[in-house]
Every structure is written in C-alpha cells, then in structure tokens.
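Student: Have a look at this one before I ask anything.
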Amino acid sequence: MIELSELRDSAQKAFPADQLIPNREESWNLVAEMGWLMIEVPEEDGGLGLGADAAATILYELGRVLAGAPIIPQMLTLRAICAAQGLENRGEWIERLCGGEYVPLNVLPSAITMTTDADGTRRLSGVLPGVAEADMAGHVLICASDIYTLAPLDAPGITVTERKLWDHSRRLFDVTLDGYAVDPALVLAEGSEARAPIEQRLYSGVLLAIAADSLGGAAACLDMTVEYLKTRKQFDRALAMFQALKHRIADLKTQVVAAEALFWSRAGDAGVSVVDLGAAKALASDVYRMVVEEAIQLHGGIGLTEEHQCHLFMKRAMLNLQLGGNLDFLREQAGRAALARFAA
Amino acid sequence: MTDTTDLESLRSQVRAWLDANAPRGWRDAYKTMSHEQFAQAQRDWFQKLVEGGYAVPHWPAEWPGGGRGLAEQKVIYEELARADCPRLLLSFVSTYHAASTLFECGNDEQKARYLPAILKGETWCQGFSEPNAGSDLASLKCRAERRGDVYVVNGQKVWSTMAQYADKCLLLVRTSSEGAKQAGITFLLMDMKAKGVTVRPINQIQDDQEYCEMFLDDVEVPVSDRVGEEGAGWAVSQATLSSERGLTLMELSYRMRGALWRIAELIRKTGREGDAGVLRDFGQLVTRVDSACAIADRFLENRLMGIEGVGDASIVKNTYSRVLREYSLLGLRLGGMDEQYHSTITYGDLNTGNWMADFMNSYAWTIAGGSEEVQRNIISERMLGMQREPKGWVL
C-alpha cells in the first residue's frame, strides 16, 4: 500500500513549487511515467487500485503549480471505461490510456441529439463543450444524455474548435458533431440504466478533482502572497508587519485549512455521497476565489500586471468555480439534502 | 487501548450508560430555573458522571474514571454530544484547568489536598484577566505581598466564569515589578471563602450571569498554596491554559452539528422549503459546520500522533467561533420578527434556538479564551512567520 505522504513527496519532487505552468507535454509524459494515470484503476485491470484520496493527492499538487497537462479528464475517462463492463476491448483501452494515450471527455453538459438511420446506424449531432486539450487527443469520450461512446476525432462529421479561455493554464475545445455515425465497438453504455453507474463515477470524480485542484492552488497562492508581504517594504518596514494585513492573511489561512480538513475527510471516505462531495467542492472552490481575490489586492499594482503570477491563479480559480457545478447549484443541493435529512 | 474494536466497545458502553443516566428534559428545566438551581443541576450531573466513570477521562489512570487516551476521550465526548447532555460548565475549570495545573506543577501536598476534592464536587474558577489586562494578560497588576507565611493580595479580577459558585480560585498575581512583566507573576491557589474576597456576577447582554468580577481586599493566601516558585507564575499559567487540548472545540462542533435541525425546522415553519436562496444559505452553513467538525477532528488526530503545529489550535478556535456566529445569524434571519420578542434563555447551552440569545452567546467564543484577533496574530506571526511589530513603541 502506497502512503499518501509518499505520493505527495514524489509529486512535489516532480513538480517543484517554483515552476508554475510547467510545459504541458513534458508534464504529461512525466505523469504517465510515474504511473499516476492508473492510480484509481483497479488492480485486476492492471492499475494501482488506490482510492480517490490518492488521486486527489496528485491533483492537489498539480493544482499548486497550475499544471496544464490534462490529468483530470484522463482520470475521468478512465473512471468511465473501468465502470463500462460492456465496452469491447475494454482491457486494451485501459492499458492504452494508462500508458499515456490521451482521451478527453466533455467536462461540461452537452446537448446532443441522436437519430437512427434505416440501416440502424445511430448518428449524433450537437456540441460537446469543455473538451480539454483536444489537440493532444486521437479519441474523445462523448458524454451525452442518451449514450456514452468513444469516437475518433478525425472521423467524418467531427470538428474540433478551440474556445479561448481567460485561464492561461488550461485549454478547452468545443467538439462539434454533425451526423457522426456511432461505432458500436466504441460504445460504453447506452440508455439511462446502463449510464447511471458511469455517470455517478464521472460526477463524483470531477467534483473531487476540481476541489483538490482548488485547494492546491489556494495554498500555493496564499504562500506566494505571504512571501510577497514579508519582502515588500513600504514606510520603512515589511508590509507583513502591518496588523491589518496580517489579520486578512490569518483569516484566509483559517479558511483554507478548514476547507482542506473537510475535503480530505470526504476524499478518504469511499461511501461519500455526491451531494457531500459537491458541498466540499463548493467550499474549496469558493475559498480559492477568496484567496486569489485578496492576493491581487494585497500585491497591489504588481498584481495587475501580466508578468506577475497572481492572475494565473485568479483565472484558474474563477474557472474552477464553474467546473463540476457552480456554487448556487451545489449549495442549494446541499441545503435540500440537509433539509430532507432533518425531516420533521 | 487504541484498537478500533476497543473504541467501539467503549462507545457502546458509554451509550448504554447515557441511555440510563442522561438527564432528560433538561432544556426545559434549565429554562425555568434560577441561576442557583442551574448551578445545582450542574453539580448533580457532574456527580452522576463521576459515579459513571466519565467525568475525568483525561486524568491519570490512578484516578477513578481516569487513564483514558485521547482517542477514548474523543469517543466519550462524541457520545455526550450525541445524547445531547448538558455541557459541564460549572466543573470545567476544576477538571481541566485546576487539575492540569496541579498535575503538572503542583507539589504532592497540593495534589493530595485539592484533587480528590474536585471529584467530590469542589469547583474552581480562574482569576487571570483584569480590567486592564485582557489580551495583554502579562500586564496584570493584582498585587501580592509576602508577609511571613502568607501573601496579602489586593486587586481586581474579571471574566471569571461561574466564580459566584466557586470554592477555589486559580489566581495570577504580581509579586514583582522588576524586569520583564512576565517575570514578576506568581501563581496562587485562593480560597474563595477567605476574608476580603468579594464576587459580583456580571449581567450579560443575553440575561446570563456566567462571568463575574472579583475584588480582593487584603486577602491572605498561605504560601503553601503557591504553585511553583515566586515569579514562575507565567510558566505555570501556560500549563493551565493548554489543559483541554482541543476536546472542548470538538465537542462543541459536534453539538453545533447536532443542532442543525433547528434551522431545518425554522425553514419548514416559515414555509421556505422551496426558497432557493434560503436553501443555498442553509447548504453553505451545513458545509461550514461540517468543516468545523472536520478540522476539530483533524486537530485531535494530529495530537494523538503527537504532531501539533504552532497556531493549529488558533485555526480550530477561529473556525468554530465564526461558524457559530454564522449559524446564529441564519437562525435570526429566518426567525424574523418573532425573534425580536424577548424569551427566556436556556442556561449553559450555545445552540438553543433562542436566536437572539444564541447570537449574543456566540461572542463568548470570538472574545473569551484568547480573542479572535489574538488568534489571528498567532496564526500570522507564529505560524506563517509574518514579522512582528517592533516592541516598545511609545505613543
């Protein structure tokens, strides 16, 4: 059994804190070499068979350095494939993905329509938004309301368009399907009953991943801000000496540590509900927002320049608030569940 | 004993004992009582816990009910919170602060005289803060002069919890004004019935009388009741203050979680089950309460493993106290105008559903026991290494 602290140490060694947004391809190769793509894959499928907290440990560290390598979509696609017992050549796909062949999925909800030709061929049309780093991929996992299926990105009826983000550390693409003919050999699941367990794995996976990324980023951004205040001098003293600033930092630190405590208690709980993970994600991403918002203010003018790193954290934090469900949705869901739990 | 099965068996023992012995209907009873009757009810509940063997699990093994590890103490507190037992307000200083001071710094004679009496119900209060020594405790001025076998004490103390019922007092006095202000402090054990001790309960904004001020007028304290050497009181007081090791905040966090149904009930009562804004705020509060529990748990787990960083306790305290405020504010908001009509408080509880009272009570945790601002200084300066202001500024 690999200890989480060992994973953390090797991730910190591979991705040193002072190198933000490490080269995408190099980091991707490194992550694949370290075997981190197969962390959650069950041992009987050739993976490491570790829990969600092990995956979260890596994602937290990659969040600290604003890594652009798309580990999150790859882990999600692997979650889907591992749960899709009906997929042809399932073992082969798992091996290919664990080895570094990149297959993203749409992390945002899609509106895809499915039609069936006279010969039984099914065709998909519509836009798959939020496909990360699609230019690195040969295949995509289409997550639509009727079907989960893999598709080659060079197939007829598929076009890939980058949608430029404010976030510099990630790239998202729209994959447009225009009558794409489904290959039955690539279908993971069809119909709501078959889709449900996969959907569950995907949804809890994205919440866990974005929460871990947010907390790693929040911790790094707070560290960076504290260091800046310790070195920046005005009025003949370090800014860190001003109590007004100290107290703001202390409050941020308190928020970060509390959100981390909640997150790790839930990441390590195999029976955790999607609602509780969603609540942890809401808290984590909101705390990341608090930290980046204050980080720019506390850096002053330099925080508004492109050359400084503040904005990199800020933009990623704002994107994280949206991925996996926004605050309004997740909080309302948590409130509704709690209300039901305390039924009169 | 740290084995999981052992802990679970302890849990079922405690639960069975509480099923048979936990006071029922105490919330209503505490409401109609006088403050004196409340104190008596607290004494009765403490005695019952002593008999059951659950009053002082943190004491050494040679004491009845003692010798429990932190993991076991945690189980006991979780169960007390789950059974919604009254908190032990009256005996808190005796079993934690006084006991810890005596165990760590008391001499054999002091231990033999005072510790068994605590289990028989003798209660202690703390005489630390003064009107001009709050966050800056070391600047205290209450003076003690040695005359033969006694110290003669003159001065004033304030914020002494439940001092009006206390038999004994942990007293910090100044025996010297030379050198660093910490160096002239001495720690005494004072008999509250001694001549010259006047205690006046402070009327608090929520109708409670938990805190007292104390006036000491030529009070004689035998030298044999000094803990540690003369001038070593500051170090002794650190043993007093670090005594409860995070258990209280864990217990209180769990109690707050156990009281979330009050908000749910209010949402229903006011017909706002479909109000998305209210549901969001409730969802956010529930998550914040869960995070307060998670961090209190983690703090205790770290202590169990012998790892505690400077400032960790401050983070736990500031999280709990802020969430407690948020909790009472949401209750107040949902309760609306109804909460503006005065109603009788329940003594000794923080989550009563009397939302104005709960709101006012929540300040106890952002002000007492080291204010939120002092904790922020600890977090920023000692945990994160932000530079201190130069000492000795003259205004």
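Student: Give A:Arg232, A:Arg201 a once-over and let me know the one that is closer than 30 Å to A:Ala144 by Cβ and either more than 9 Å from chain B (Cβ to nearest Cβ) or of a type in the set (Ser, Thr, Tyr) (or both).
Tutor: On the way: A:Arg232 fails: closer than 30 Å to A:Ala144 by Cβ.
Just a single option satisfies the conditions, and that option is A:Arg201.
Student: Residues to consider are A:Lys253, A:Lys246; find the one that is under 22 Å from B:Glu381 (Cα atoms), part of a helix (DSSP H, G or I), within 10 Å of chain B (Cβ to nearest Cβ) and touching a Ser or Thr at 6+ places or on another chain (Cβ under 6 Å). Talk me through it step by step, then tell me what you get.
Tutor: Values: A:Lys253 fails: touching a Ser or Thr at 6+ places or on another chain (Cβ under 6 Å).
After ruling out the rest, the residue left standing is A:Lys246.
Student: Filter segment A:259-275 for residues that are in contact (Cβ under 8 Å) with a residue 60 or more places away in the chain and not in a loop (DSSP other than H, G, I, E, B) and give the result. Outline the logic, then answer.
Tutor: Step one: filter segment A:259-275 for residues in contact (Cβ under 8 Å) with a residue 60 or more places away in the chain, giving A:263-264, A:267-268, A:270, A:272-275.
Once the filter is applied, which keeps residues that are in contact (Cβ under 8 Å) with a residue 60 or more places away in the chain and not in a loop (DSSP other than H, G, I, E, B), segment A:259-275 yields A:Phe263, A:Trp264, A:Ala267, A:Val274, A:Val275.
Student: Moving on to the next point. Pick from A:Ala282, A:Ala295: which is in contact (Cβ under 8 Å) with a residue 60 or more places away in the chain and part of a helix (DSSP H, G or I)? Give the derivation first.
Tutor: On the way: A:Ala282 fails: in contact (Cβ under 8 Å) with a residue 60 or more places away in the chain.
Going through A:Ala282, A:Ala295 in turn, the sole match is A:Ala295.
Student: Right, another one. Would you pick out the residues in segment B:288-308 that are farther than 16 Å from A:Val257 by Cβ and at the interface with another protein chain (Cβ under 8 Å from one of its Cβ atoms)?
Tutor: Listed by number, the list is empty, since nothing qualifies.
Student: Sort out for me the helices (runs of 4 or more DSSP H) sitting completely within segment B:21-130 that have 1 or more residues that are free of Cβ contacts under 8 Å to residues at least 60 places away in the same chain and in contact with a Pro (Cβ under 9 Å, 6 or more places away or on another chain). Write out each step before concluding.
Tutor: Numbers: elements: B:26-32, B:35-52, B:70-82, B:99-105, B:108-119.
The qualifying helices (runs of 4 or more DSSP H) are B:26-32, B:35-52, B:99-105.
Student: A further question on this structure: Go through segment A:258-273 and report how many residues are more than 9 Å from chain B (Cβ to nearest Cβ) and over 18 Å from A:Leu59 (Cβ atoms).
Tutor: Applying the first criterion (more than 9 Å from chain B (Cβ to nearest Cβ)) to segment A:258-273 yields A:267-273.
Those left that are additionally over 18 Å from A:Leu59 (Cβ atoms): A:271, A:273.
Looking only at that region, the number is 2.
Student: Let me ask something additional. Mind listing whichever residues of segment A:329-343 are under 13 Å from B:Arg262 (Cα atoms) and at the interface with another protein chain (Cβ under 7 Å from one of its Cβ atoms)?
Tutor: Once the filter is applied, which keeps residues that are under 13 Å from B:Arg262 (Cα atoms) and at the interface with another protein chain (Cβ under 7 Å from one of its Cβ atoms), segment A:329-343 yields A:Ala338, A:Leu339, A:Phe342.
Student: Among the residues of segment B:155-174, what is the count of those that are buried (at least 20 other Cβ atoms within 10 Å of the Cβ) and either in the same structural domain as B:Gln37 (by TED's automatic domain parsing) or in a loop (DSSP other than H, G, I, E, B) (or both)?
Tutor: The qualifying residues number 2.
Student: For the condition out of contact with any Gly (no Cβ under 8 Å at 6 or more places or on another chain), closer than 20 Å to A:Ile249 by Cβ, buried (at least 20 other Cβ atoms within 10 Å of the Cβ) and among the aliphatic types (A, V, I, L, M), what is the one hit in B:Ile295, B:Ile345?
Tutor: Details: B:Ile345 fails: closer than 20 Å to A:Ile249 by Cβ.
Testing whether each residue is out of contact with any Gly (no Cβ under 8 Å at 6 or more places or on another chain), closer than 20 Å to A:Ile249 by Cβ, buried (at least 20 other Cβ atoms within 10 Å of the Cβ) and among the aliphatic types (A, V, I, L, M) leaves just B:Ile295.
Student: Using the structure shown, decide if A:Phe242 is over 28 Å from B:Val278 (Cβ atoms) and in contact with a Leu (Cβ under 9 Å, 6 or more places away or on another chain).
Tutor: Values: over 28 Å from B:Val278 (Cβ atoms): yes; in contact with a Leu (Cβ under 9 Å, 6 or more places away or on another chain): yes.
Spelling it out, A:Phe242 is indeed over 28 Å from B:Val278 (Cβ atoms) and in contact with a Leu (Cβ under 9 Å, 6 or more places away or on another chain).
Student: Now for a different question. Out of everything in segment B:362-395 that is more than 14 Å from chain A (Cβ to nearest Cβ) and more than 20 Å from B:Gly246 (Cα to Cα), what residue ends up being modelled with the lowest pLDDT?
Tutor: Here is the first cut: in segment B:362-395, the residues more than 14 Å from chain A (Cβ to nearest Cβ) are B:362-364, B:367-369, B:392, B:394-395.
Now restrict to residues that are more than 20 Å from B:Gly246 (Cα to Cα): B:392, B:394-395.
Working: B:Gly392: 73, B:Val394: 70, B:Leu395: 64.
Per the stated criteria, the residue is B:Leu395.
Student: Of everything in segment B:302-315, what is at pLDDT below 95, aliphatic (A, V, I, L, M) and surrounded by 17 or more Cβ atoms within 10 Å (Cβ to Cβ)? Give them in sequence order.
Tutor: The answer is B:Ala313, and nothing else.
Student: Among the listed residues B:Glu130, B:Glu145, which satisfies the condition of being modelled with pLDDT of 95 or more, under 19 Å from B:Ile367 (Cβ atoms) and outside the structural domain of B:Pro64 (by TED's automatic domain parsing)? If you could, list the steps in order and put the result at the bottom.
Tutor: Numbers: B:Glu145 fails: under 19 Å from B:Ile367 (Cβ atoms).
Selected residue: B:Glu130, the only one of B:Glu130, B:Glu145 that is modelled with pLDDT of 95 or more, under 19 Å from B:Ile367 (Cβ atoms) and outside the structural domain of B:Pro64 (by TED's automatic domain parsing).
Student: Filter segment A:285-315 down to the residues that are buried (at least 23 other Cβ atoms within 10 Å of the Cβ) and among the small types (Gly, Ala, Ser), then identify the one that is farthest from A:Arg170 (Cα to Cα).
Tutor: Filtering segment A:285-315 for residues that are buried (at least 23 other Cβ atoms within 10 Å of the Cβ) and among the small types (Gly, Ala, Ser), the one farthest from A:Arg170 (Cα to Cα) comes out as A:Ala295.
Student: Same structure again: Taking interchain pairs and intrachain pairs at least six residues apart, which have beta carbon atoms under 9 angstrom, with the first residue in segment A:100-112 and of a type in the set (S, T, N, Q) and the second at pLDDT below 95 and part of a loop (DSSP other than H, G, I, E, B)?
Tutor: From segment A:100-112, the pairs are A:Asn106/A:Ala144; A:Ser110/A:Ala144; A:Ser110/A:Ser145.
Student: Look at segment B:1-53 and say how many of its residues are modelled with pLDDT of 95 or more, of a type in the set (Ser, Thr, Tyr) and within 21 Å of B:Gly121 (Cα to Cα).
Tutor: Total meeting the criteria: 0.
Student: Hey, another quick one. Residue by residue through segment B:82-139, note down the ones that are among the polar types (S, T, N, Q) and farther than 26 Å from B:Phe215 by Cα. So that I can check it myself, show each step before the final result.
Tutor: Keep residues of segment B:82-139 that are among the polar types (S, T, N, Q), which gives B:91, B:94-95, B:100-101, B:107, B:110, B:123, B:126, B:129, B:132, B:135, B:139.
Listed by number, the list holds a single entry, B:Asn107.
Student: Is there a residue in segment A:154-165 that is in contact (Cβ under 8 Å) with a residue 60 or more places away in the chain, of a type outside the set (D, E, K, R) and either crowded, with 18+ Cβ neighbours inside 10 Å or not assigned by TED's automatic domain parsing to the domain that holds A:Trp28 (or both)? Break it down into steps so the answer makes sense when it comes.
Tutor: Of all residues in segment A:154-165, those in contact (Cβ under 8 Å) with a residue 60 or more places away in the chain come to A:165.
Subsequent filtering for residues that are of a type outside the set (D, E, K, R) retains A:165.
From the residues that got through so far, the ones that are either crowded, with 18+ Cβ neighbours inside 10 Å or not assigned by TED's automatic domain parsing to the domain that holds A:Trp28 (or both) too are A:165.
Yes, that holds for at least one residue.
Student: Among the numbered criteria (1) surrounded by fewer than 21 Cβ atoms within 10 Å (Cβ to Cβ); (2) under 21 Å from the mean Cα position of the chain (by Cα); (3) within 14 Å of chain B (Cβ to nearest Cβ); (4) within 21 Å of A:Leu20 (Cα to Cα), which single criterion is violated by A:Met318?
Tutor: (3)
Student: Now a separate question. Only one of (1) crowded, with 19+ Cβ neighbours inside 10 Å; (2) within 20 Å of A:Leu321 (Cα to Cα) is not met by A:Pro109, so which one is it?
Tutor: Exception for A:Pro109: condition (1).
Student: B:Ala264 fails exactly one of the following numbered conditions: (1) closer than 30 Å to B:Val56 by Cβ; (2) more than 18 Å from the chain's Cα centre (by Cα); (3) within 14 Å of another protein chain (Cβ to nearest Cβ); (4) part of a helix (DSSP H, G or I). What is the number of that condition?
Tutor: (1)
Student: Another question, if that's okay. Can you run down the residue pairs with Cβ atoms below 9 Å, 6 or more apart or on separate chains, where the first is in segment A:327-344 and free of Cβ contacts under 8 Å to residues at least 40 places away in the same chain and the partner is among the acidic types (Asp, Glu) and outside any loop (DSSP other than H, G, I, E, B)?
Tutor: These pairs meet every condition: A:Gly335/B:Asp281; A:Phe342/B:Glu265; A:Ala344/B:Glu265.
Student: Scan segment A:212-228 for residues that are surrounded by fewer than 24 Cβ atoms within 10 Å (Cβ to Cβ) and of a type in the set (A, V, I, L, M, F, W, C) and jot them down. Explain how you work it out, then say what you get.
Tutor: Within segment A:212-228, the first condition is being surrounded by fewer than 24 Cβ atoms within 10 Å (Cβ to Cβ), and the residues that meet it are A:219-220, A:223-224, A:226-228.
Of everything in segment A:212-228, those that are surrounded by fewer than 24 Cβ atoms within 10 Å (Cβ to Cβ) and of a type in the set (A, V, I, L, M, F, W, C) turn out to be A:Ala219, A:Ala220, A:Met224, A:Val226.
Student: I would also like to ask the following. Could you check how many residues of segment A:269-309 are of a type in the set (A, V, I, L, M, F, W, C) and over 22 Å from the mean Cα position of the chain (by Cα)?
Tutor: So in segment A:269-309, the residues of a type in the set (A, V, I, L, M, F, W, C) come out as A:270, A:272, A:274-275, A:277, A:279-280, A:282-284, A:287, A:290-292, A:295-296, A:298, A:302, A:304.
From what is left, the residues that are over 22 Å from the mean Cα position of the chain (by Cα) are A:295-296, A:298, A:302, A:304.
Number of matching residues: 5.
Student: If I filter segment B:86-101 for residues that are over 20 Å from B:Thr161 (Cβ atoms) and either in the same structural domain as B:Leu171 (by TED's automatic domain parsing) or surrounded by 22 or more Cβ atoms within 10 Å (Cβ to Cβ) (or both), do I get at least one hit? Walk me through it before giving the result.
Tutor: Here is the first cut: in segment B:86-101, the ones over 20 Å from B:Thr161 (Cβ atoms) are none.
No, every residue in segment B:86-101 fails to be over 20 Å from B:Thr161 (Cβ atoms) and either in the same structural domain as B:Leu171 (by TED's automatic domain parsing) or surrounded by 22 or more Cβ atoms within 10 Å (Cβ to Cβ) (or both).
Student: Among the candidates B:Leu252, B:Leu279, B:Leu285, which residue alone is away from chain A (no Cβ under 14 Å), under 30 Å from A:Gly278 (Cβ atoms) and buried (at least 21 other Cβ atoms within 10 Å of the Cβ)?
Tutor: Numbers: B:Leu279 fails: away from chain A (no Cβ under 14 Å); B:Leu285 fails: away from chain A (no Cβ under 14 Å).
That would be B:Leu252, the only listed residue that is away from chain A (no Cβ under 14 Å), under 30 Å from A:Gly278 (Cβ atoms) and buried (at least 21 other Cβ atoms within 10 Å of the Cβ).
Student: So which of B:Gly127, B:Gly148 ends up being out of contact with any Phe, Trp or Tyr (no Cβ under 8 Å at 6 or more places or on another chain), surrounded by 22 or more Cβ atoms within 10 Å (Cβ to Cβ) and small (Gly, Ala, Ser)?
Tutor: Residue meeting the stated conditions: B:Gly127.
The values are calculated or read from the model by the stated rules, or taken from the named source; none is laboratory data. Remember, predicted model here, so these are calculated numbers, not experimental data. Quick reminder, even Gly has a Cβ in these numbers, built from the backbone with ideal geometry, and neighbours come from all protein chains shown.
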